[in-house]
Amino acid sequence: MWPRRSSKVFKKGFSSSHNLVADCPGCAESTVQSPPFKSSDDTFKYKLFVSTWNVGGVEPPDDLNMEDLLDTSSSYCDIYVLGFQEIIPLRGSNVLGLERRRVCMKWNSLVGEALNKEEREEEEVPWGYDCIIIRQMVGLFVTVWVRSHIRHHIRHLGVSCVGCGFLGYLGNKGSIAIRFQLHETSFCFVCSHLASGGRQDDKRHRNDDVSEIFSRTSFPTTSADDHLPKNILDHEYVPILL
């Protein structure tokens, strides 16, 4: 039986210049809605879709329809950021093995098929979506898709992974943070998988993990982009995917 989806999603739009660092070169890689972000001069308006889903270690079937999760039947957004937890069963062979890569790419393909299902020739701008970055850490998986015509406006892509599992560092628990700049606006998306349980010690453990994620997440910079935010809360928009 497919696990019940735990989806925290918001749709927004926003204002935000080129240099993509693709983590996967060549990759085609209950919903809440809110008003679009707007730039100071009201020039740029984009819709952003962010979702998280703990799939319980169940591999997706080949014919899984992702359109319900992406809500493409009602409207399409300009940017999709999807975070998944437990995309593989958390056993030793998967934590340290290569099988997780195959499952990661399967999820990514299903997302791409759903987003690029139709060609809209009547649209004034190109309809297709490109995967600009994917990253996996054991069972955690994050993928970012953008409309082809705005891809060149996204720059300074970066990733920071923090493992908080066994011995405080193994990646079965922890976070993946993705950051980029769209026009002049910085974004940081954090997908996390924390310790389970309802006891007081479990709650304390989760709070400790969150503190570790905030303190250890750091995006490296060069002399050319030293002005960019280096930590999670330094960014202008920070959706957290639990």
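State whether the residues of the stretch 110-117 include one that is closer than 26 Å to Asp68 by Cβ, modelled with pLDDT under 90 and charged (D, E, K, R).
Yes, some residue in the stretch 110-117 is closer than 26 Å to Asp68 by Cβ, modelled with pLDDT under 90 and charged (D, E, K, R).
Residues in the stretch 126-139: is at least one of a type in the set (Ser, Thr, Tyr) and at pLDDT 90 or above?
yes
Would you call Leu90 aliphatic (A, V, I, L, M), at pLDDT below 85 and either surrounded by 22 or more Cβ atoms within 10 Å (Cβ to Cβ) or not in a helix (DSSP H, G or I) (or both)?
So Leu90 passes the test.
The values are calculated or read from the model by the stated rules, or taken from the named source; none is laboratory data. All values derive from a computational prediction rather than experimental measurement. Cβ atoms come from the backbone with ideal geometry, glycine included; neighbour counts cover every protein chain shown.
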